[in-house]
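The values are calculated or read from the model by the stated rules, or taken from the named source; none is laboratory data. Keep in mind the model is a prediction, meaning the values are calculated, not measured. Virtual Cβ from ideal backbone geometry, glycine too; neighbours counted across all protein chains shown. Heads up: the accessible areas ignore ligands, DNA and RNA and are worked out on the full protein's heavy atoms, side chains in. Shrake-Rupley method; radii C 1.70, N 1.55, O 1.52, S 1.80 Å.
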Number of protein chains: 2
Amino acid sequence: MKKLGSLEALSEALRRLPGVGPKSAQRMAYHLLQHDREGAAILGIALTHAVERIQHCASCNTFSESEVCETCLDAVRDTSLLCVVETPSDQMMIEQTMTYKGLYFVLMGRLSPLDGIGPKDIHLEKLVSRATDGKVQEVVLATNFTNEGEATAHYISETLKARGLRVSRLARGVPVGGELEYVDAGTIARAMLDRRTT
Amino acid sequence: MKKLGSLEALSEALRRLPGVGPKSAQRMAYHLLQHDREGAAILGIALTHAVERIQHCASCNTFSESEVCETCLDAVRDTSLLCVVETPSDQMMIEQTMTYKGLYFVLMGRLSPLDGIGPKDIHLEKLVSRATDGKVQEVVLATNFTNEGEATAHYISETLKARGLRVSRLARGVPVGGELEYVDAGTIARAMLDRRTT
Ligand SMILES: [Zn+2]
Ligand SMILES: [Zn+2]
């Protein structure tokens, strides 16, 4: 079996990918070597480059190839608003809504004590020093509305309010286009409590 | 978004893996960059090495880092027996049974006209020239007992018998430890037709 050194190394390495077990790692290795050597070479280079080049933006903490990312350098943005999201994908979703013109802070995670993910892992110190730069007036918490996202928002809110910052949270309610019949009771209850005068 | 060049390239490249769509490619990229940069670097190197080093054994067609693999070079093996399997994993399964001491030919696939996989894709010419080396007396077909595996076995059998070779097929029947109540009717029917005098 020593002859398979590179093949076994590849199968082993593919298991570092999330959700890939031994069977599918082997299937992936065989597929690449048999049917897509070009893809394997491209992926090899992409991984090496990404590890070499991608760091975290010194300002907003998202992935960036430069010390400060393009969004943070965008002179047109409102520096008094800072939106806190869990991931770069969440930031992208908010950007797509075209409703927000401030800056961001990307936690790269959420508090999850059961998984051993504490305040340090979501870069809370970096967020606090970012939010207290003297320009930020309001921090908009846009973590997910899951249990962990809510707990994260609560923790950050307490931390930042203690430093005199205004903190807000995305509104909860019935989704646009939502039919009450198909919306869960918790959402309807929240929408009722948060009802607005029209 | 130009700043994300390396990250986007990585997500794109991860989609070359079988069964990985855009969402999970992005999840994988984030995971590696955020939580396992060492794994990303290791996988990058493993892919590059594998593509550079792994070819097909000139004799049995399996993956090999040398021109002829160790199994084919093993002087203790019975050169009059050639077992045809679909994949290196299948070969490994047969090796583990310790019931076979001949050599192998690995098709690296199976006939599948619907997927456009024909005789050329399973290296039938290479198999024919291997099987007609003058030493091979019997070819044991150990392709899977699926529709495609059976069709492949049939096709190879016809091809090799036309060249005067003895061709056999793994026996079908009730699995060892199998309870008739839980074995499918087709298997029982086959076991009945192939019943042996004891
Ligand atoms: Zn930034
Ligand atoms: Zn070989």
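Checked against the criterion of being aliphatic (A, V, I, L, M), open to solvent by 70 Å² or more (accessible area, probe 1.4 Å), touching a helix residue (DSSP H, G or I) at 6+ places or on another chain (Cβ under 7 Å) and over 18 Å from B:S59 (Cβ atoms), the candidates B:L180, B:L170, B:L193 yield just one match: B:L180.
Checked against (1) more than 9 Å from chain A (Cβ to nearest Cβ); (2) open to solvent by less than 60 Å² (accessible area, probe 1.4 Å); (3) without any contact (Cβ under 8 Å) to a residue 40 or more places away in the chain, B:L81 meets all criteria but (3). Listed conditions (1) more than 13 Å from chain A (Cβ to nearest Cβ); (2) within 14 Å of ligand 2 (Cβ to nearest atom); (3) in contact with an Asp or Glu (Cβ under 9 Å, 6 or more places away or on another chain) are all met by B:R130, apart from (3).
Looking at the range A:116-123, is at least one residue closer than 20 Å to B:A29 by Cα and open to solvent by less than 30 Å² (accessible area, probe 1.4 Å)? Within the range A:116-123, one or more residues are closer than 20 Å to B:A29 by Cα and open to solvent by less than 30 Å² (accessible area, probe 1.4 Å). Checking B:S11, B:S6, B:S24 one by one, the residue that is over 16 Å from A:H49 (Cα atoms) and surrounded by 17 or more Cβ atoms within 10 Å (Cβ to Cβ) is B:S24 and no other. Residues in the range B:57-73 that are open to solvent by less than 60 Å² (accessible area, probe 1.4 Å) and either under 17 Å from B:K126 (Cα atoms) or not hydroxyl-bearing (S, T, Y) (or both): B:C57, B:A58, B:S59, B:C60, B:N61, B:T62, B:F63, B:S64, B:V68, B:C69, B:C72. Within the range B:161-179, residues that are in the same structural domain as B:N144 (by the TED database) sit with their Cβ atoms under 9 Å from residues that are open to solvent by 100 Å² or more (accessible area, probe 1.4 Å) and aliphatic (A, V, I, L, M), at 6+ positions apart or across chains, in these pairs: B:V174/B:L180.
Pairing residues of the range A:5-22 that are within 17 Å of B:D36 (Cα to Cα) with residues that are outside any helix (DSSP H, G or I), at Cβ distances under 6 Å and at least 6 apart in sequence or on separate chains, gives A:L14/A:V20; A:R16/B:D36. Just one of the numbered conditions (1) surrounded by 13 or more Cβ atoms within 10 Å (Cβ to Cβ); (2) away from ligand 2 (no atom under 14 Å from the Cβ); (3) within 14 Å of chain A (Cβ to nearest Cβ) is not true of B:M93: (1). Look at A:S66 and say whether it is in contact with a His (Cβ under 9 Å, 6 or more places away or on another chain) and free of Cβ contacts under 8 Å to residues at least 12 places away in the same chain. No, not satisfied.
The residue that is least open to solvent (accessible area, probe 1.4 Å), counting only those in the range A:32-54 that are farther than 20 Å from B:G5 by Cα and more than 7 Å from chain B (Cβ to nearest Cβ), is A:L32. For the range A:137-167, a residue qualifies if it is of a type in the set (V, I, T), under 26 Å from A:D115 (Cα atoms) and surrounded by 14 or more Cβ atoms within 10 Å (Cβ to Cβ), and the qualifying residues are A:V140, A:T143, A:T152, A:I156, A:T159. All told, A:L43 meets the bar of being more than 12 Å from ligand 1 (Cβ to nearest atom), free of Cβ contacts under 8 Å to residues at least 24 places away in the same chain and on the phi < 0 side of the Ramachandran plot. The number of residues in the range A:96-115 being open to solvent by less than 50 Å² (accessible area, probe 1.4 Å) and either within 16 Å of ligand 1 (Cβ to nearest atom) or among the acidic types (D, E) (or both) comes to 8.
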